[in-house]
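See structure below.
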Amino acid sequence: VRGSTGASPPSPPRVHRPPCPHSVGPRGPPMAGMVGLLGVRRRLPLLLLPLLVLLARPQTGAGFEAVPCNATTMDCGMDFFADVYQQFLMAQHEVVIMPYFIKPTLKVFHSRSGGPPDITLTDLIVQAVRRKVHVWIMGWDNSASEKFLPFHQDNAYEQLFEAVGEDHEYLHMTLDTSRNFVASVYYIPHIKSYAFDRKVAYVGGIDFSENRLDSPQHVRPDPRLVQVPIDENHVTGNEKPWQDVMVRVDGPAAEHVAMILAERWWTYCKSEGYMRSQASRPFDALADAIWGVAKSLEASKWKGYQCAKLPPPGRLGVLELSVSAGTAYATNQYDVKVPTLGVQSSGLPEGKTVSAALSTGGSEQVVVTGLRALDSPLPQSVTFTISGIQVTANSDSDTTAQLIGGDLLKARWLPDGVPQPVPAGTQTCQMALSGDRDWMGVSRPLTENYDDHLKIIREAKCYILIENQYFSTMFDAASHECSHSNNRVEAELYSGSTNQVGQQLLDRIKDAGRTSSNFSVAVIIPLGTEPGSFYPNLRGTFCFEQAVEDFWTTESLKSDWRDYFSFYFISNAVDVPANMGGPGTAFYGIFTHTKMIVADDDVAIVGSANINDRSLNGDRDAEVGVQIRGGSYPRELREKLMLAQMGDPSLVDTNHLVTSLNKVASANAKALYKSMGIKFPEGTYTKDGQTNQLFGLIGVKVVNVPTLVSDVDFATLKYPLSREVAGGGGMDTFKWFVVPGAKPPKLQGLLFPWSRSIWGLPKMTSVTQLYSNAFNWRRLDGQQDRQKVGNASQPLLV
């Protein structure tokens, strides 16, 4: 029961598990809902899984191919903004910006190290366009973005337009309002991707806005961050800590990022959605004014140029040609014509036929460009003519043809300009997309992020490490409070999630436990989130941890389930300066916004997709991620994250991932308790011999403890202060919990153990839960319902 101060139960004896191999393999069809639909669990022989995979759902394939690449991790905004600053200075032709949100006048870049940021995105864009560099910015707008959310992008774009002055011909901006005549209100393009000269690109979760500028150490106060006045919502003059990751890629993968923008821009400008948005501009401005949106009636001159110029098409491939001399030893001239590949979206113009000249003894690389639908793979062969002779060039072998006088033509088609097949072991990058026609202009929903997550989980041999803002997913649960998760009538704690990420993870954990396999799953989540996502996260994590523990109990397994699975969060405890309430020590949670999965040091995904239906189902939000396979990057990603979060990546044993993480997280928890009296994973605070719950929630009641009727009675931090201290304040709110006179603990990184005791379960945290499938709940009323809960297999807070 939450609030209990009893000692934790002893851990079961550890079972020896042998080392495990690493996994390899290309993208394949996902393991989806058929297992759950059939009521079949992983007790089936593993040999039957491929059959279930084929039955589960049609294979949708992938639009973009896996291409060789270099990849580098940008851990938090400090790394990212420094790198992007240099790319802006070096850009020669083109800058591509696909943001979820931007604040162009906010100083987030440093011209020198050590001090506060002194350069804005506007400064860098103005410098670029004056060098005749084309800057393309594609944001988004829907009915909620300005009325319900603080995303007043119209005015921000107008400020950029005015800042560049007469050079605005090099600044291209649009706010995507969806391609359908009936605009999307609830779903959005959640993309954060950028490219420079189609040579370098960044994909992940960081926007050009305030609290995204942070270091992996997340120290407060920090003079290198955005500085704001010290007040009750910014206790150190900084905004809330923000953990996030971007991946920098190069080569054809960078070209792919730019091609995503080009295809989205073209399909938007040719859509009824664009025509609708242009026709309704006066009415939209009036509605915004009535709603109280600032500067809504001012002219947005930039909107008249949204489709005046369109992004150039991208490189689809290279046709390699050479002609060797025949028996006549004459020099012959040849005309080469390569027609369009026809892979553009429906309704867009076909690419132009490419012409080239070739002579005996010569060679030529013909670059084929064009638009490309985001759900269309490139053909593995192209047909062209050389002086009237039709030839088909393949990607997997050379094609030869006899020409004039015995000349011999040799031709090969290189999709994306990459020789095929890519050698085994080569590090490759492949775009992972989510979205449908609304935001991506495609003919069918893209579920690549979802498919790739399921494939990674299914094929992992040794470990899975996930760091994500959300854990809202479907899985089996036997307890009274967590069962019937998608049945509004029967569910006590309604979920609404349909994605199978949780089920796949649970099945793998169960298999490992039954067989004592050397496999474990670690998931790092935020300690606290903003109100809209608080309930789905708490419900998902509470019920998942409970499902794992219940399985171990039901199966009477001798091992400790905590060696196979655990949730974690990252937090910090720092010395408090005298002018900020010191001397003492302050504790605060770090908001984890990362969207990352890595397995076996062999494969990783970094992108914008959360673990929830909005990001994964394909017919909701649009997302962009990169899957990196092979090479050194997956290991380097894990090591870089663990450098900050564990203090030393060498402490990680990938053959016993969760066990090694538990050691560090538990040591940090002990140090924090000794210093401040805060105890994790119990989630309690002890002062003067009295122990209370640390975090309170509105409406929380403890079963069978009638004297404790709400968080007012026992929590040290009342709601919503509890959520804000945990890192779940608004966009920028930062508050901490100070223990006067305490000395800062000696932490090994920032990792702490999570458990469902920390928060319990909320009755309600947000009004949106009443109106949305994604955020819903069912209140337990009456003595009969309370009696059901009181007799549940596990103690429950309702």
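In the set 707, 716, 765, which member is surrounded by 21 or more Cβ atoms within 10 Å (Cβ to Cβ), modelled with pLDDT under 70 and of a type in the set (Val, Ile, Thr)? Break it down into steps so the answer makes sense when it comes.
Numbers: 707 fails: surrounded by 21 or more Cβ atoms within 10 Å (Cβ to Cβ); 716 fails: modelled with pLDDT under 70.
Being surrounded by 21 or more Cβ atoms within 10 Å (Cβ to Cβ), modelled with pLDDT under 70 and of a type in the set (Val, Ile, Thr) holds for just one of 707, 716, 765, which is 765.
Please find, within segment 319-342, the residue that is modelled with the lowest pLDDT out of those that are of a type in the set (A, V, I, L, M, F, W, C) and crowded, with 18+ Cβ neighbours inside 10 Å.
Narrowing segment 319-342 to residues of a type in the set (A, V, I, L, M, F, W, C): 319, 321, 323, 325, 328, 330, 336, 338, 341.
Still in the running and crowded, with 18+ Cβ neighbours inside 10 Å: 319, 321, 323, 336, 338, 341.
Working: 319: 98, 321: 98, 323: 96, 336: 97, 338: 96, 341: 92.
Here the residue is 341.
Consider residue 351 carefully, then state whether it is touching a residue at least 24 places away in the same chain (Cβ under 8 Å), open to solvent by less than 70 Å² (accessible area, probe 1.4 Å) and over 44 Å from the mean Cα position of the chain (by Cα). Judged against the criteria, residue 351 is not a match.
Would a scan of segment 39-49 turn up a residue that is outside any helix (DSSP H, G or I), touching a strand residue (DSSP E or B) at 6+ places or on another chain (Cβ under 6 Å) and at pLDDT below 95? So far as segment 39-49 goes, no, none of its residues is outside any helix (DSSP H, G or I), touching a strand residue (DSSP E or B) at 6+ places or on another chain (Cβ under 6 Å) and at pLDDT below 95.
Would you pick out the residues in segment 221-235 that are farther than 13 Å from residue 116 by Cβ and assigned to a loop (DSSP other than H, G, I, E, B)? Walk me through how you get there before you give the answer.
Here is the first cut: in segment 221-235, the ones farther than 13 Å from residue 116 by Cβ are 229-235.
Once the filter is applied, which keeps residues that are farther than 13 Å from residue 116 by Cβ and assigned to a loop (DSSP other than H, G, I, E, B), segment 221-235 yields 229, 230, 232, 233, 235.
Being over 30 Å from residue 506 (Cβ atoms) and either under 24 Å from the mean Cα position of the chain (by Cα) or surrounded by fewer than 23 Cβ atoms within 10 Å (Cβ to Cβ) (or both) is a property that does not hold for residue 452. None of 264, 315 is at pLDDT 95 or above, open to solvent by 20 Å² or more (accessible area, probe 1.4 Å) and closer than 21 Å to residue 349 by Cα except 315. Scanning for something more than 23 Å from residue 134 (Cα to Cα), surrounded by 13 or more Cβ atoms within 10 Å (Cβ to Cβ) and of a type in the set (Lys, Arg), does segment 290-301 turn up at least one residue? Yes, segment 290-301 has at least one match.
Among 309, 295, which is at pLDDT below 80 and among the basic types (Lys, Arg)? Talk me through it step by step, then tell me what you get.
On the way: 309 fails: at pLDDT below 80.
Exactly one of 309, 295 is at pLDDT below 80 and among the basic types (Lys, Arg), namely 295.
Evaluate segment 478-496: report whether one residue or more is open to solvent by 10 Å² or more (accessible area, probe 1.4 Å), over 24 Å from residue 373 (Cα atoms) and in a helix (DSSP H, G or I). No - not one qualifying residue is present in segment 478-496. Looking only at segment 525-557, residues that are farther than 18 Å from residue 475 by Cβ, surrounded by 23 or more Cβ atoms within 10 Å (Cβ to Cβ) and either hydrophobic (A, V, I, L, M, F, W, C) or at pLDDT 95 or above (or both) come to 3 in all.
Taking the condition outside any helix (DSSP H, G or I), open to solvent by 20 Å² or more (accessible area, probe 1.4 Å) and touching a Pro at 6+ places or on another chain (Cβ under 9 Å), does residue 517 pass?
On the way: outside any helix (DSSP H, G or I): yes; open to solvent by 20 Å² or more (accessible area, probe 1.4 Å): yes; touching a Pro at 6+ places or on another chain (Cβ under 9 Å): yes.
In short, yes.
Pairing each residue of segment 151-178 that is charged (D, E, K, R) with any residue that is open to solvent by 20 Å² or more (accessible area, probe 1.4 Å) and part of a helix (DSSP H, G or I), provided the two are 6+ apart or on different chains, yields C-beta distances under 6 Å for 167/130.
Only residues that are among the charged types (D, E, K, R) and surrounded by 24 or more Cβ atoms within 10 Å (Cβ to Cβ): list them for segment 231-247, please. Lay out the reasoning, then the answer.
At the first step, the residues of segment 231-247 found to be among the charged types (D, E, K, R) are 231-232, 239-240, 244.
Those that are among the charged types (D, E, K, R) and surrounded by 24 or more Cβ atoms within 10 Å (Cβ to Cβ): 239, 240, 244.
For segment 184-219, taking the residues that are part of a loop (DSSP other than H, G, I, E, B) and among the small types (Gly, Ala, Ser), the one that is farthest from residue 589 (Cα to Cα) is identified as 184. The residues of segment 641-678 that are free of Cβ contacts under 8 Å to residues at least 24 places away in the same chain, assigned to a helix (DSSP H, G or I), more than 19 Å from residue 755 (Cβ to Cβ) and open to solvent by 50 Å² or more (accessible area, probe 1.4 Å) amount to a single one, 650. Considering segment 108-157 alone, what residues qualify as being within 26 Å of the chain's Cα centre (by Cα), at pLDDT 95 or above and of a type in the set (D, E, K, R)? Result: no residue meets the conditions.
The number of residues in segment 394-442 that are of a type in the set (Val, Ile, Thr), surrounded by fewer than 17 Cβ atoms within 10 Å (Cβ to Cβ) and in a strand (DSSP E or B) comes to 2. The set of residues from segment 719-732 being in contact with a Lys or Arg (Cβ under 9 Å, 6 or more places away or on another chain), open to solvent by less than 20 Å² (accessible area, probe 1.4 Å) and modelled with pLDDT of 90 or more comprises 725, 727, 728.
Restricting attention to segment 586-601, the residues that are among the hydroxyl-bearing types (Ser, Thr, Tyr) and in a loop (DSSP other than H, G, I, E, B) total 1. When segment 185-209 is filtered for residues that are farther than 20 Å from residue 253 by Cα, open to solvent by 10 Å² or more (accessible area, probe 1.4 Å) and not hydrophobic (A, V, I, L, M, F, W, C), the ones remaining, listed by number, are 186, 187.
Considering only residues in segment 85-143 that are free of Cβ contacts under 8 Å to residues at least 40 places away in the same chain and among the aromatic types (Phe, Trp, Tyr), the one that is most open to solvent (accessible area, probe 1.4 Å) turns out to be 85.
Within this structure, residue 82 passes the test of being surrounded by fewer than 21 Cβ atoms within 10 Å (Cβ to Cβ) and closer than 18 Å to residue 245 by Cα.
Condition first: assigned to a loop (DSSP other than H, G, I, E, B) and not charged (D, E, K, R). Now tell me which residues in segment 443-462 satisfy that. Even if it seems obvious, please write down each step before you answer.
First, pick out the residues of segment 443-462 that are assigned to a loop (DSSP other than H, G, I, E, B): 443-445, 460-462.
Passing the criteria: 443, 445, 460, 462.
In segment 370-380, is there at least one residue being surrounded by 14 or more Cβ atoms within 10 Å (Cβ to Cβ) and either assigned to a strand (DSSP E or B) or free of Cβ contacts under 8 Å to residues at least 12 places away in the same chain (or both)? Yes, there is a match, as at least one residue in segment 370-380 is surrounded by 14 or more Cβ atoms within 10 Å (Cβ to Cβ) and either assigned to a strand (DSSP E or B) or free of Cβ contacts under 8 Å to residues at least 12 places away in the same chain (or both).
Part of a helix (DSSP H, G or I) and at negative phi - does that describe any residue in segment 615-632? Within segment 615-632 (the criterion being part of a helix (DSSP H, G or I) and at negative phi), the answer is yes, since at least one residue qualifies. Of the residues 772, 757, only one is open to solvent by 30 Å² or more (accessible area, probe 1.4 Å) and either assigned to a loop (DSSP other than H, G, I, E, B) or modelled with pLDDT under 50 (or both); which? Sole residue among the options that is open to solvent by 30 Å² or more (accessible area, probe 1.4 Å) and either assigned to a loop (DSSP other than H, G, I, E, B) or modelled with pLDDT under 50 (or both): 757.
The values are calculated or read from the model by the stated rules, or taken from the named source; none is laboratory data. In this text the structure is predicted, and so the values were computed from the model without any measurement. Here Cβ is always computed from backbone atoms with ideal geometry, including for glycine, and neighbour counts include all displayed protein chains. Side chains are part of the model used for accessible areas, which takes the heavy atoms of the whole protein and leaves out ligands, DNA and RNA. Shrake-Rupley method; radii C 1.70, N 1.55, O 1.52, S 1.80 Å.
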